[in-house]
Every structure is written in C-alpha cells, then in structure tokens.
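In what follows, a single structure is set out as structure tokens and then discussed.
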Amino acid sequence: MGERTLRGARLGGQSFEDERGIEFAARQQVGYACPQGHEFEITMSVEAEVPATWECPRCGAAGLSTSGLVPEVKNEKPARTHWDMLLERRSIKELEDILSERLELLRGGEIGPAHLHRTRKSKAKAKKTA
Ligand SMILES: [Zn+2]
C-alpha cells in the first residue's frame, strides 16, 4: 500500500520533470568588473534583463558590466531639491527682490529674531545710502 503510494508520487514527479526538462532556458555569461579590478561572470537567462551592475563576489563592491552597459540614468538623477522647485516658480531677479524686501523687514525689526534687528538709526542710514 505504502509502496504504491510512493511510486505513484515518484511517477508524477518524473512526468513533471520531463515536461520541464524539455524547456532548457538559453543562458548567457555576463561579465562584470569591480573598481578593485576583480572580474567575474554571472550566468543569466538570455531572457533576463541584464543589470548594468552586479555585486562583486570577492569584495562586495558594485561591478560594472564589461559589455558596455551603462547604469540607467534615472538612478543617477539627483532628487529635485527645494531650490530646484523654487527656481521653477521664481526667477533669480524675483528672489533677489523678495530677499531684499525680507531683509528690510528683518532689519527694521518687523520680522525675525531680535539680535538681527538694527537700530532705527542704522536703518535710516541704510535707506539713505540705498
Ligand atoms: Zn571586487
């Protein structure tokens, strides 16, 4: 009884294997070289999307593909900074105007911390020279 069950399972397994065995995926060797000069090859399916970099098995650094693949540009694109976003809304000239306006208010004691406030006297002086 037990043997029969086992055999049945094995046969099932074999037929499954036979089915899969026919479809050998084509392979390719992809070469990489890391910054330390280690060169290594990774076996991949030809259908796989070959990555431009692969971790070096010897030192763990990122190896670059020796077939001339370049890492995707989007990965290297720096994140948009607040400054970038600001420049999309305002020109440098506008920003300068806003800055001097705010400085005027700051020095006049209307905004900002007290230690940055100028005395009335020097504010008047600054206005005269401007
Ligand atoms: Zn290495």
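Scanning segment 26-51 for residues that are closer than 12 Å to Ser67 by Cα and among the small types (Gly, Ala, Ser) turns up Gly31, Ala33.
Of all residues in segment 99-118 being part of a helix (DSSP H, G or I) and of a type outside the set (A, V, I, L, M, F, W, C), which is least open to solvent (accessible area, probe 1.4 Å)? Of everything passing the filter in segment 99-118, Ser100 is least open to solvent (accessible area, probe 1.4 Å).
The set of residues from segment 40-51 being in contact with a Phe, Trp or Tyr (Cβ under 9 Å, 6 or more places away or on another chain) and either of a type in the set (A, V, I, L, M, F, W, C) or within 9 Å of the ligand (Cβ to nearest atom) (or both) comprises Phe40, Ile42.
The values are calculated or read from the model by the stated rules, or taken from the named source; none is laboratory data. What you are looking at is a predicted structure, and each value in this text was computed from that prediction instead of being measured. So basically every Cβ, Gly included, is an ideal-geometry build from the backbone, and we count neighbours across all protein chains shown. Protein only, heavy atoms only, side chains kept; ligands, DNA and RNA dropped before computing areas. Shrake-Rupley method; radii C 1.70, N 1.55, O 1.52, S 1.80 Å.
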